[in-house]
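Every read-out reported here was derived from the displayed coordinates using simple, explicitly stated rules and does not represent laboratory data. For clarity, every value in this text was computed on a predicted model and none was experimentally measured. Please note: Cβ atoms are built from the backbone with ideal geometry, for glycine as well, and neighbour counts cover all protein chains shown.
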Amino acid sequence: MLTNKTVVLGITGSIAAYKIANVASRLIKLHADVHVIMTENACNFINPITFETLTGHKCLVDTFDRNFEFNVEHVSLAKKADIFLVAPATANIIGKMANGIADDMLSTTLLAAKCPVLVAPAMNTNMYTNPVVQNNLCRLDDFGIKVIEPATGMLACRDTGAGKLPDEDVLIEHILKEIAYPHDLSKKRILITAGPTREAIDPVRFITNHSTGKMGYAIARIAMLRGADVTLISGPVSIDPPMFCDIINVTSAEDMYNAVMANASHSDIIIKAAAVADYRPSTVAAEKIKKSDADSCIELERTKDILGELGKNKKEGQIICGFSMETENLIENSRAKLIKKNADMIAANSLKQEGAGFGTDTNVLTLITENSCEELDMMSKEKAAEKLLDKIMTL
Ligand SMILES: Cc1cc2nc3c(=O)[nH]c(=O)nc-3n(C[C@H](O)[C@H](O)[C@H](O)COP(=O)(O)O)c2cc1C
C-alpha cells in the first residue's frame, strides 16, 4: 500500500518511544521507505540502532553530524517525505513546533517539511491537559498540522487519563488515510451495508446466515482511505470496524431497512453488501411463540427488500450497487436482479467457487452493469473492494 512512499518518523523523549519500533516495522512491511529522526532525549529511551536496523537508513539525531553523504540532510529529507509523523510527541516538541523553534534535527526538518504532518502527543495527563499544551496543540491545528488524539487509559506514570500514545494500528491507519491512495472519492458520501441480520424467533434463537461482514467492511475501509465520507450500517459481526467511518450497528432486517432509508437520500453511492436474512417469523408466528403456543412449523414472512426499495427511490445521479450470491446461473440471475431492482451494478459471487463468498479473506467477483460483465480473478477482499470502487467511478 505504501510502495514508493517516503515516511519520516520523528521520535521524541517519551517513555512511549519504544512503541515506534513496531510502527516502523509495519510500515516497512507495507513497502514504505522509512526514515527516522530522533531527538537527543529520545535516545535515552530507545537506541537509534533499532531503527537503523529496521529501516536500513541512518537514524538522524544531530543536525551537525558530518558522518554521512554530503547534502543538507534536514532539507533533503523534508523534500523527500510524503508524510511526517511525530510520535510520541512530547510537550516540548509540540511547544517548539507551535512556535517555530528549530534547535535540533527534528524540529529543523519539521520546519522545512511541505508534506502532511501528523503529531501524536503522549504524556502525563496533567501535562496534556495543561492549557499551555492545549493552546500549542490548537496552534498546530491552525497551521494545518493534524493532531492525533491520545488514547485514555493507564499511563506509564500509573496515572489514569488522556495522554497515552494510540495503538500502532491507529497511527498506521492515519498514515494510510493520508497517502495510501489518491483521494479520488473525496466529497463522495458513500453508504455501505455489511454483515448478516438476525431475525429473532424468541429471546434466545434467531434466523441468520453465514455473512461475516468482511466484504462490506473492506469496501468501507478502502472508500474511506480514498477520501470518501463513509457511513457503514452493520449487522452483528465479530470484526473490528474500519476507522474514520460513521458506524451504525443494527440487528434485524427491519433495523437495517430503517437505517438505510434514513441515510439513503443524502448518499451519492449506496453499496448493499449486507446479506440480509430474507425471512423472519411472521407476526402471527411471533405472537404464538410469545405465548409458547407455536406450531411445530413456524410460519415465516419475507423481510423488506432493501435493494428494491433503494432502486425505486433512486435519486438523480445516485449510484446503487447490490451483491448477489448464486449457486447456479450466476450471470443470468444477477443480470435479472440488476434490472428488477433498478440497480446500476451487481457484484456477483458464486457460492460454488473456492475462495469466494462468506467468511474467506478472498473473493471472486463478477461486476455486472447494464453494458458490461467483468469477471475478476480471485483476490483479497480489499483488492476486490478497490476494483469494485474503480468500476463504480466509471458509471
Ligand atoms: C522517564 C521519563 C519519561 C518521560 N516521558 C515523557 C512523555 O511521555 N511525554 C513528555 O512530553 N515528556 C516526557 N518526559 C520528559 C521529556 O523527556 C523532556 O521534557 C525532554 O526535554 C523532551 O525532549 P525532546 O522533546 O527533545 O525529546 C519524560 C522524561 C522521563 C525522564
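Details
- Tensor-based shape of region 189-393 (alpha-carbon gyration tensor, a/c under 1.5 rounded, otherwise prolate or oblate): prolate
- Positive-pole candidate from ASN263, ALA228, LEU389, dipole of region 189-393, charges at beta carbon: ASN263
- Projected onto their three principal axes, the Cα atoms of the chain cover extents of 81, 50, 38 Å, largest first.
- Per-residue HN-Hα couplings for region 249-259 [Karplus 6.51, -1.76, 1.60; θ = phi - 60°; Hz; x = Gly/Pro]: 8, 10, 10, 9, 4, 4, 4, 5, 4, 4, 5
- The length gained on full extension between ARG302 and THR360, counted as 0.36 nm times the residue separation minus their Cα-Cα distance, comes to 18.1 nm.
- ASN249 long-range amide H proximity, modeled H, under 5 Å: SER234
- Computed label-point distance, nm, for sites ALA162 and GLN134 using a 7 Å Cα→Cβ extension: 0.8 nm
- Linear extension gain, ILE28 paired with SER186, 0.36 nm per residue minus alpha-carbon span: 54.2 nm
- Applying 1/(1 + (r/R0)^6) with R0 = 41 Å to the Cβ-Cβ distance of LEU395 and ASP240 gives a FRET efficiency near 0.85.
- Net charge over other residues, Cβ less than 14 angstrom from the Cβ of GLU173 (K, R count +1; D, E count -1): -2
- For the listed residue pairs LYS188/LYS337; LYS19/LYS146; LYS304/LYS341; LYS79/LYS187; LYS272/LYS387, the alpha carbons are over 18 angstrom apart in LYS188/LYS337; LYS19/LYS146; LYS79/LYS187.
- Cut-off under 5 Å, modelled amide H: who pairs with MET379 long-range: ASN363
- Dipole of the chain computed with +1 at Lys/Arg Cβ and -1 at Asp/Glu Cβ about the Cα centre; of ALA32, LEU106, ASN329, farthest Cα towards the positive end is ASN329.
- Proximity of backbone amide H atoms, modeled 1.01 Å from N, is registered between SER324 and ALA347, ALA348, ASN349 at under 5 Å, excluding neighbours fewer than 5 places apart on the same chain.
- Per-residue ³J(HN,Hα) for region 162-170, Karplus 6.51 cos²θ - 1.76 cosθ + 1.60, θ = phi - 60°, Hz, x for Gly and Pro: 6, x, 7, 5, x, 4, 4, 4, 5
- Backbone geometry of region 323-338 corresponds, through the Karplus equation with coefficients 6.51, -1.76 and 1.60 at θ = phi - 60°, to 3J(HN,Hα) couplings of 10, 9, 10, 10, 9, 8, 6, 3, 5, 4, 5, 6, 5, 4, 5, 3 Hz, x marking Gly and Pro.
- Spin-label pair ASP103-ALA262: with each label point 7 Å from Cα along the Cα-Cβ axis, the two points sit 5.3 nm from one another.
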